[in-house]
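*Asks:* My structure is below; once you've seen it, I'll send some questions.
Laboratory data are not the source of any read-out in this text; all were calculated from the coordinates shown. Because the structure is a prediction, the values reported are computed rather than measured. Cβ: placed from backbone, ideal geometry, glycine included. Neighbour counts: every protein chain shown.
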Amino acid sequence: MLIIITVCVLIYLVVAFYQHRINQQATAIYENKKPLFEIPLDQEFELAQNLNLTGESQRKYDQLLSQYKNIHETLIPSIDDKIKEVKEDTKGVNFIRSRQKWIETNQLIEDVEDQVKNIQAGLVQLQDLDKQHNIAITDLEKQYQDLRQQLLEQNEKLGPSIDALEKMLADIEDQFDEFTTLTKKGDHDSAETILSELNATTDQLKDYMEIIPGLNQELQTEFPEQIQELGRGYQMLTQQGFNFENDTFEIQLEHVKTQVKQNNDNLAALNVDVAKDVNIDISHRIDHLYQFLEDAIEDKKIVDEKVTVIAKYIDHLRRQNTDLTRKLERLNIDYVLDHKEIENNRQYTEQIRAMGMEAMRQKEAIQRGQAVYSRIRADQQQIMRNLEQIEASQKELYNQVIDLPAEEEQARQTLRKFDLEMRNKKRRIDNHNLPGMPSDYSNSFNAVIKEIERLSQALNQPKVDVEEVSKQELIIQSDMDNLEEMTTKLIDDAVLAEESLQFANRFINTDPDIAAASKKAHIAFDHDFNYTKSLATIATALESQYPGSYQKIEQEYFAAKVPVTNNEIQETEE
C-alpha cells in the first residue's frame, strides 16, 4: 500500500514539474514573438511609398507589402492561437502533444522573422537604389560633359575614330536619358539594368579614348614617316650600286602602306582590338625592312674590307706555293716523292688560281654596280675557309718533305753505327778464338750483314726513298737487337763451357762419368760448334757428381764479366 502511494506521489510530482516547464516554454514563445513588432516596417513602407515607384520597382514594393500584410493578418494570429493551445495543454497530461505544438510554434516564429528581415532588406534596397540612381545621374551627366569636351579637344588625335566616338557618346547619352527618366518615375529595377549597361559602355568609351590617340599617332605620323624613310633609303642604296637577291623590298613596303590604310578603316569602325594587332604587325614589318637595309650596308662594309684581305691572302699563298713548288722540284731530284706531293701542290696552285679569278669577278661586279653584297659576303666567307684550308695543307706538305735531307743524313749515321756494331760483334767473337760458329748464328749474322748492305745501296741510289730507308732501319735495328742477344749467349756459353771443361779435367782419371761427359762436351764444342749443348752436358755432369761446382763457376764468371757498352764501339771506330 505504501509503495502504491509512493508511486502516485512521484507521478504527481513529475506531471506537475512537466506542466510547469511547458508553461514556462509557452511564456518564452510569447516573449520571442514580441521582437516581430519592434521593427518599424510601417515607417519603411511609408518611406518607400513616397519614392513614387513605378514599373518593376512598384511591383516589387507591392510584393513586399503583400508579404507584410500576410504576416500581420495570418501568421501572427496563427502564432497566438498556437501559444494558447500550448498553455491549455499544460493543464492536462498530454505531454507529447504539447511538446510537438511547442516545436511547431517556434519554427513558425523563425520563419516569420526571416520574412520580416527579407522585407526590410527589400525596402532598404528600394531606398538605396533611389539614392544611388540620383547620385549616378549627377555623376554620369558630369562624365558625359567631360567626354564631349575631350572629343572636341582631341578631335585631331582621335583621327578617323572621331565620328564613331561621337555617335557612341550620343547613343550613351540617349541611354542615359532613358535611365534618368526611369529613375525619376521610380522604376529603379529597370533603371538598374540600364545603369549596368551604361557603365560598361561608358568605360569602353573611356578606354577607346585612351588607346586610340596612340594608335592614330602611329598610323598618321610614325608609320608614314618610317615608310618614306625606308623608301628613300632603298632608292639611295640602289643608286649607289646595291643589288638584292630575290628583291621583294618594294612589294613589302607597298603591303605595309596598304595595311596602314586598312587599319585607318578599323579605327573608323572602332575595331580597336583589331587595330592594335595590325599596328603591332606593321611595326614588326617595318623593323624587318629597316634590318634588311642595315644588313645590306653591313654586308657592303664587310665585303669592301674583305676584298683587300682576300687579295693579299691569295698573293701570299701564291708566293708560298711557288716556293713550295721549287722546293719540291729540287727534292724530287734526290728523293723519291711517292705521296703525290707534286700532284697535290699542282692542285693547290689550281685552287688558288680559281679563287683568285672568283675574287676578281666579285671586284668587277662591285665596280660595275652589279654586286649582290649579301651573296658576295657569303662567297667571301667560303673563299676564306678554302684559303685557310689550302694554307694548312701547304704547311702539312712542307713539313712532310722539309726534313728529307736531315732524315737521309740520320739514316747514313745509323748505317755507320750498324756497320760498327757488326764489326764489334765479330771482334768480340774473334777475341775468344772459338773453333767455329753455329750455323744458326752464322745465318743470322750474315742476314744482318746483307740487310745493312741493302740499306747502303738504298742510300746510294740516285733518288733516295727516305720512307723505304726508314722501314729498313726499323727492321735492321730489330734484327740487330736479336743478334746481340745471340752473340752474348754464344760467348757466355762458350766461355762457361771452356771453364767447366777445365775444371772437369781434375776428375777425368778418377771419375768415369765426368770423363764420359767431358768427351761428349768436347765433341759438341770442337766439332759441332754447339757451345750451348757442350755447356749443358758438362754442367749437368758436374752438378750431378759435385753439387754446387758449376753454380760457383757460373757465379764467378758473371761477377767478373764486363758489360759491353757503346764505348767499345767508339774505340773500334777510332
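*Asks:* What is the total of Lys pairs in region 442-535 with C-alpha atoms under 29 Å apart, excluding same-chain pairs fewer than 8 positions apart?
*Replies:* 11
*Asks:* Want the number for Arg353 to Ile211: 0.36 nm per residue separation, take away the alpha-carbon distance, what's left?
*Replies:* 44.7 nm
*Asks:* Considering only DSSP states other than H, G, I, E and B, which trypsin sites (Lys or Arg not before Pro) in region 260-359 qualify as loop sites with at most 13 other Cβ atoms within 10 Å?
*Replies:* Those that pass, being in a loop and sparsely packed, are Lys340.
*Asks:* I'd like the FRET efficiency for Glu409 and Ala378, computed as 1/(1 + (r/R0)^6) with the beta carbon distance as r and R0 of 51 Å, rounded to 0.05.
*Replies:* In this case the efficiency is close to 0.55.
*Asks:* Which trypsin sites (Lys or Arg not before Pro) does region 360-394 hold that lie in a coil by DSSP with at most 11 other beta carbons within 10 Å?
*Replies:* Of the trypsin sites (Lys or Arg not before Pro), the ones in loops of region 360-394 whose Cβ has at most 11 other Cβ atoms within 10 Å are Arg368.
*Asks:* HN-Hα J couplings of region 266-273 from phi, Karplus 6.51/-1.76/1.60, θ = phi - 60°, integer Hz, Gly and Pro as x?
*Replies:* 5, 5, 4, 8, 6, 7, 5, 4
*Asks:* Another question, then. Tell me, how many Å apart are the Cα centres for region 213-268 and for region 396-423?
*Replies:* If we compute the Cα centre of each part, the gap is 75 Å.
*Asks:* Turning to a different aspect of this structure: Taking Cα centroids, how far is region 269-311 from region 353-368 in Å?
*Replies:* For region 269-311 versus region 353-368, the Cα centre distance is 28 Å.
*Asks:* Taking the simple approach of a point 7 Å from Cα along Cα-to-Cβ for both Ala311 and Ile508, what is their distance in nm?
*Replies:* Calculated label separation equals 10.0 nm.
*Asks:* Let me know the charge dipole size of region 282-368 about its Cα centre in debye, to the nearest 20, where only the beta-carbon of Lys, Arg (+1) and Asp, Glu (-1) is charged.
*Replies:* With only Lys, Arg, Asp and Glu charged at Cβ, the dipole is about 300 debye.
*Asks:* Hey, another quick one. Per the Kirkwood formula on distinct C-alpha pairs, the Rh of region 487-571 is how many angstrom?
*Replies:* Hydrodynamic radius (Kirkwood, Cα only) of region 487-571 equals 13.4 Å.
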